[in-house]
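Derivation of every value follows stated rules applied to the coordinates shown; laboratory data play no part. The model shown is predicted, which means the values in this text are computed figures rather than measured ones. Note that each Cβ is placed from the backbone with ideal geometry, even for glycine, and that neighbours are counted across all protein chains shown.
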Amino acid sequence: MNLSQYLRESREELGRVSWPTRAQVWEGTQAVLLFLVALTLIVYLMDLLFTTLIQAVLL
């Protein structure tokens, strides 16, 4: 298999791919961002809780 054949077949394969619509991409992006915000909030609250508990025990 030479390079030109590989590139030709790759281009053909990409033509058969079922690409998501802009709306589907935006929905996925929103889901990821929502999950990221929720996880960040959970980690922040756990950090705040453990910091408070450790300070209460040490002081």
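The table below gives the values:
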read-out	value
Any hit, the range 37-49, residues being among the aromatic types (F, W, Y), outside any helix (DSSP H, G or I) and out of contact with any strand residue (DSSP E or B) (no Cβ under 6 Å at 6 or more places or on another chain)	no
Sole exception among (1) of a type outside the set (A, V, I, L, M); (2) assigned to a helix (DSSP H, G or I); (3) under 30 Å from the mean Cα position of the chain (by Cα) for P20, by number	(2)
